[in-house]
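Accompanying notes for the structure given below.
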């Protein structure tokens, strides 16, 4: 009888552990293109998630900004390339990579498959019949599209350190118009930025880690 009772108690404890343990923190925004990363995580967490050893990256700092640039390559939407990670107040906000020329079409196709059709921008200095593509831009949902997110971001703004806030995000932008995540790929062959892929998750980072807008001691 005791054995049966013990089995029943063990089973109940297991079910409770499964029910509670399977609940993971919700991360907002498009997931970064490297497994294990999420917007708002700190430098130490990102370096560990990417299995970076000291010789694999260069770290530069200025005020609240940290830039981690790798010499180790990662598969970024079908292109093997080194990456740069930007952190504001020790929170991951931006990932950029220089896509190889031969991989640009592949990357753009993968972005379309995973993030949806992009908004292609064209130069304004050519005839309308012969405009050159300069970039393709994609964005996640805007804050105003989700009332719960809108209320949450308003509270984050009100509780934030104003000096930090204005360094991290443009205060000229309407709060509701802010997209959770954006992605832009440069297609301008006359620019040194040709092939530069920039994925920005500042707003998602603010939602994932509201403390990023508080001064660190």
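If a residue must be out of contact with any strand residue (DSSP E or B) (no Cβ under 7 Å at 6 or more places or on another chain), exposed (fewer than 12 other Cβ atoms within 10 Å of the Cβ) and not in a helix (DSSP H, G or I), how many such residues does the range 39-70 contain?
Matching residues across the range 39-70 total 5.
Out of 177, 184, I need the residue that is surrounded by fewer than 11 Cβ atoms within 10 Å (Cβ to Cβ) and touching a residue at least 12 places away in the same chain (Cβ under 8 Å). Which one?
Checking each option against the conditions leaves just 177.
Which of (1) touching a helix residue (DSSP H, G or I) at 6+ places or on another chain (Cβ under 8 Å); (2) at pLDDT below 90; (3) under 29 Å from residue 74 (Cβ atoms); (4) outside any helix (DSSP H, G or I) is the odd one out, the single condition residue 194 does not satisfy?
Only one criterion is unmet by residue 194, namely (2).
Is it the case that the range 107-126 has a residue that's within 29 Å of residue 55 (Cβ to Cβ) and modelled with pLDDT of 95 or more?
The answer is yes, given that some residue of the range 107-126 is within 29 Å of residue 55 (Cβ to Cβ) and modelled with pLDDT of 95 or more.
Identify, by number, the condition in (1) modelled with pLDDT of 90 or more; (2) surrounded by 12 or more Cβ atoms within 10 Å (Cβ to Cβ); (3) over 29 Å from residue 108 (Cβ atoms) that residue 147 doesn't meet.
(2)
For residue 64, work out the one condition from (1) out of contact with any helix residue (DSSP H, G or I) (no Cβ under 8 Å at 6 or more places or on another chain); (2) within 29 Å of residue 165 (Cα to Cα) it doesn't fulfil.
Residue 64 satisfies every listed condition except (1).
Return the residues of the range 79-92 that are surrounded by fewer than 17 Cβ atoms within 10 Å (Cβ to Cβ) and part of a loop (DSSP other than H, G, I, E, B); say none if nothing qualifies.
Scanning the range 79-92 gives a single hit, 82.
Which of the residues belonging to the range 98-119 are farther than 15 Å from residue 136 by Cβ and in contact with a strand residue (DSSP E or B) (Cβ under 8 Å, 6 or more places away or on another chain)?
98, 100
I'd like to know if the range 159-170 contains one or more residues that are within 21 Å of the chain's Cα centre (by Cα), in a loop (DSSP other than H, G, I, E, B), surrounded by fewer than 13 Cβ atoms within 10 Å (Cβ to Cβ) and without any contact (Cβ under 8 Å) to a residue 40 or more places away in the chain.
yes
Considering only the range 93-115, I want to know if a residue exists there that is loosely packed, with under 12 Cβ neighbours inside 10 Å, assigned to a loop (DSSP other than H, G, I, E, B) and under 19 Å from the mean Cα position of the chain (by Cα).
The answer is no, given that none of the residues of the range 93-115 is loosely packed, with under 12 Cβ neighbours inside 10 Å, assigned to a loop (DSSP other than H, G, I, E, B) and under 19 Å from the mean Cα position of the chain (by Cα).
The values are calculated or read from the model by the stated rules, or taken from the named source; none is laboratory data. Keep in mind the model is a prediction, meaning the values are calculated, not measured. Positions of Cβ are generated from backbone atoms using ideal geometry, with glycine treated the same way; all protein chains shown enter the neighbour counts.
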